[in-house]
1. In region 115-136, what residues are open to solvent by less than 90 Å² (accessible area, probe 1.4 Å), within 13 Å of the ligand (Cβ to nearest atom) and not in a loop (DSSP other than H, G, I, E, B)?
2. Output the residues belonging to region 156-172 that are in a helix (DSSP H, G or I) and under 17 Å from the mean Cα position of the chain (by Cα).
3. Working carefully through the options Leu104, Leu98, find the one that is away from the ligand (no atom under 16 Å from the Cβ), under 24 Å from Gly31 (Cβ atoms) and buried (at least 22 other Cβ atoms within 10 Å of the Cβ).
4. Can you pull out the residues in region 145-154 that are within 19 Å of Ala88 (Cβ to Cβ) and touching a helix residue (DSSP H, G or I) at 6+ places or on another chain (Cβ under 8 Å)?
5. Do the conditions hold for Lys52, that is, is it modelled with pLDDT under 95 and out of contact with any strand residue (DSSP E or B) (no Cβ under 8 Å at 6 or more places or on another chain)?
6. Which residue, of Ala85, Ala150, is open to solvent by less than 70 Å² (accessible area, probe 1.4 Å), closer than 20 Å to Thr183 by Cα and of a type outside the set (Val, Ile, Thr)?
7. Could you check, for region 91-98, whether at least one of its residues is outside any helix (DSSP H, G or I), more than 17 Å from Ile167 (Cα to Cα), without any contact (Cβ under 8 Å) to a residue 60 or more places away in the chain and of a type in the set (A, V, I, L, M)?
8. Cβ-Cβ under 6 Å, sequence separation 6+ or interchain: first residue in region 52-75 and among the acidic types (Asp, Glu), partner at pLDDT 95 or above and surrounded by fewer than 22 Cβ atoms within 10 Å (Cβ to Cβ). Which pairs?
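The values are calculated or read from the model by the stated rules, or taken from the named source; none is laboratory data. Treat the numbers as computed from the prediction; the structure is a model and nothing was measured. Here the Cβ is made from the backbone with ideal geometry for all residues, glycine too, and neighbour counts use every protein chain on show. With ligands, DNA and RNA removed, areas are computed over all heavy atoms of the protein, side chains included. Shrake-Rupley method; radii C 1.70, N 1.55, O 1.52, S 1.80 Å.
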Amino acid sequence: MLIVALDPPYDADVLKWIEYRYNLLKPYVQGFKIGLPAILEVGFKAIGKILKNYEGLLIADLKLADIGDIMCISAERAWIHGFNAIIAHTFVGYEQALDKLSKLCRERMLKLILVVSMSHKGSAEFIDRHVEEFSELARKVGAWGVVAPATRPNVLKRIRAFVGNNIKILAPGIGAQGAKPGTAICNGADYEIVGRAITHTENVLENAFKIIEQQKEEVAKCRGLQ
Ligand code: BMP
């Protein structure tokens with residue numbers, strides 16, 4: 001299962017860049033994640049118009065980390081413009097923060113995805129010390145999913161054990177950050193998030209197919225089908 005991160009480079013014509021990749025890739029992937037590089041340049045409204053009526057996962061990756069009331073306003077904006085999932089940090093805690101955001105998400109049928117660990121090395125400095133507590137909080141607020149690193153298999157496996165089987169795990173870190181396609185799924189993730197290894201290349205579709213193929217091979221191997 002593949003989610004494509006659409007992070008246009010700073011010199012791109014953002015809307016054209018997104019539209020081209022979205023139209024090419026949408027029949028083959030399970031979702032798209034839009035983050036700050038695009039949102040800051042053109043806003044939710046313009047992006048939402050391009051992605052209108054998409055039936056897969058459409059994740060607004062703001063990595064929210066604010067007081068609850070303000071996170072709710074941001075999440076509501078994402079929802080208004082057609083996003084069906086939103087990413088927030090877990091470290092802001094429950095009271096007056098994730099309690100409110102999770103309530104809004106339930107009301108709007110917006111999928112709440114919480115960051116419980118990250119794919120870069122610095123995640124070990126602070127965030128990873130709290131992986132178990134973050135996973136518990138994700139369960140407590142009824143998060144739909146969590147973000148966990150494809151780059152650190154042991155952390156990913158621990159998170160799967162902590163969150164159980166009713167929460168989706170979305171794992172970035174494949175390709176540009178070094179992890180091999182399929183390995184995160186083998187270690188307990190439901191979705192692999194891939195950005196630059198697909199979107200910043202000349203042959204976007206060809207590279208997406210390669211990654212999907214590598215995912216299948218790796219998963220067949222780890223599940224003993226090959
Ligand atoms: P790439 O495959 O180009 O490295 O992109 C990964 C995507 O996942 C980026 O959009 C990044 O913001 C996001 N991401 C990440 O890389 N690590 C995390 O821990 C959390 C993320 O959301």
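1. Val115, Gly122, Ser123, Ala124, Ile127, Asp128, Val131, Phe134
2. Quick first cut of region 156-172, residues in a helix (DSSP H, G or I) only: 156-163.
Matches in region 156-172: Leu156, Ile159, Arg160, Val163.
3. Going through Leu104, Leu98 in turn, just one is away from the ligand (no atom under 16 Å from the Cβ), under 24 Å from Gly31 (Cβ atoms) and buried (at least 22 other Cβ atoms within 10 Å of the Cβ): Leu98.
4. Selection gives Val146, Ala148, Pro149.
5. Numbers: modelled with pLDDT under 95: yes; out of contact with any strand residue (DSSP E or B) (no Cβ under 8 Å at 6 or more places or on another chain): yes.
Taking the combined requirement at face value, the residue satisfies it.
6. Details: Ala85 fails: closer than 20 Å to Thr183 by Cα.
None of the other options fit; the residue is Ala150.
7. Here is the first cut: in region 91-98, the ones outside any helix (DSSP H, G or I) are 91-93.
Retained after the next criterion (residues that are more than 17 Å from Ile167 (Cα to Cα)): 91-93.
Next, only the ones that are without any contact (Cβ under 8 Å) to a residue 60 or more places away in the chain stay: 91-93.
Those still in the list that are of a type in the set (A, V, I, L, M) too: 92.
Taking every residue of region 91-98 in turn, at least one turns out to be outside any helix (DSSP H, G or I), more than 17 Å from Ile167 (Cα to Cα), without any contact (Cβ under 8 Å) to a residue 60 or more places away in the chain and of a type in the set (A, V, I, L, M).
8. From residues that are among the acidic types (Asp, Glu), the pairs are Asp61/Gly35.
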